[in-house]
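Each reported figure results from applying straightforward, stated rules to the coordinates on display, with no laboratory input. Just so you know, these numbers come straight off a predicted model, no measurement behind them. Every residue, glycine among them, receives a Cβ derived from its backbone with ideal geometry; neighbour counts consider all protein chains shown.
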Amino acid sequence: MANTYTLIAAVNVGAGGASSIDFNSISSSYTDLVLSLSVRTTQATTADDLLMRVNGDSTAGRYAYKDLYGNGSGSGSGGSTSASFNYVGRATGSTATNSTFASNQIYFTNYAGAITKSITFDGVTENNASGAFGDFLANSYNQTTAISSITVYPQSGASFVQYSTAYLYGVKNA
Amino acid sequence: MPNPTRIEVNCETGEVLEIELTDAEVQSLEDARVAEEARKAEEATAAALKAEAKAGILQRLGITAEEAELLLS
């Protein structure tokens, strides 16, 4: 278990919304990172796919992901072994039940180590009807440089709405 | 009308910036939106075709979906 769990930075999206949320200049002094998201977007859907890049890197082939999901009607899996982004679940979209937000957590193990990065995700969208999802994801980033920035954004090109939040925590093992 | 903004947080200083997107960035988002809608439409079509093919097979075999699930379990 973590010895310390420190809030590094927090974002509360204001009335103007946000097309993306970026945490940069992240210290290498922690063991792991945790990014907690409560997010909803302007996209006309119940669940809007979320993407993530680290270190501003959009190079094709540096990311991979495997998704296991269920939506109440069924389950499935998907993924990519060579992508230009990580897939980090979904935000609740604008046609979902009012004032509901997805609840997501992204865990970056050994983010500053000189190794390929392993990043896990679990999260759910909210909707008082069909079209709510639960996702579990295994992501990887095949570069050995430390992660110093994290950017999350809707794949749809929509914006995060007001009251969406993102909290970045540092976890130390000693 | 102003362009949408993105949020950048400097974790070292704590500074939070709301930066208006450039016109090029806005266009890039619009391109992403159009591509995403096309992708979702394609997925929906593929799912509908798969459902139709599945229904056809069940009818040919003369079994229900529940019976097929039982056979495959």
Discussion item. Angle check, please: helix B:23-61 long axis (alpha carbons) against the longest principal axis of chain B (alpha carbons), in degrees 0 to 90, nearest 10.
Written reply: 10
Worksheet entry | Dipole of the stretch A:16-174, positive end: most advanced residue of A:87, A:137, A:109 [Cβ charges, Cα centre] | A:109
Discussion item. What's the magnitude of the charge dipole for the stretch A:26-79 around its Cα centre, counting Lys and Arg as +1 and Asp and Glu as -1 at the beta-carbon? Answer in Debye, nearest 20.
Written reply: 40
Worksheet entry | Charged-residue dipole, Cβ positions (Lys, Arg, Asp, Glu), the stretch A:62-174 about Cα centre, Debye nearest 20 | 300
Worksheet item: By count of other Cβ within 10 Å, fewest leading, how are B:34, B:26 ordered?
Response: B:34, B:26
Item to complete: Please give the per residue volume of the convex hull enclosing the alpha carbon atoms of the protein assembly as shown, rounded to a whole number of Å³.
Response: 151
Discussion item. How big is the dipole moment of the protein assembly as shown about its Cα centre under a simple scheme where the beta carbon of each Lys and Arg is +1, that of each Asp and Glu is -1, and everything else is neutral? Debye, nearest 20, please.
Written reply: 500
Discussion item. Just to be sure I understand: with springs between alpha-carbon atoms less than 10 Å apart, which residue in A:15, A:83, A:102 has the highest mean-square fluctuation in the Gaussian network model of chain A?
Written reply: A:15
Worksheet, complete the sentence: Charge dipole of chain B built from unit charges on the beta carbon (Lys, Arg +1; Asp, Glu -1), centred at mean Cα; most positive-end Cα among B:64, B:34, B:53 is B:64
Item to complete: Evaluate the relative contact order of the stretch A:1-127 (contact order divided by residue number), counting alpha-carbon pairs under 8 angstrom at least 6 apart; express in whole percent.
Response: 29
Item to complete: Please report the relative contact order for the stretch A:79-133, taking Cα pairs under 8 Å with a sequence separation of at least 6, and give it as a percent rounded to a whole number.
Response: 36
Worksheet item: For chain B, what's the relative contact order in percent, using C-alpha pairs closer than 8 Å and at least 6 residues apart?
Response: 18
Worksheet item: What is the pair-distance distribution P(r) of the stretch A:29-174, computed from all Cα-Cα distances in 5 Å bins starting at 0, with each bin given as a whole percent?
Response: 2, 10, 20, 22, 20, 14, 8, 3, 1
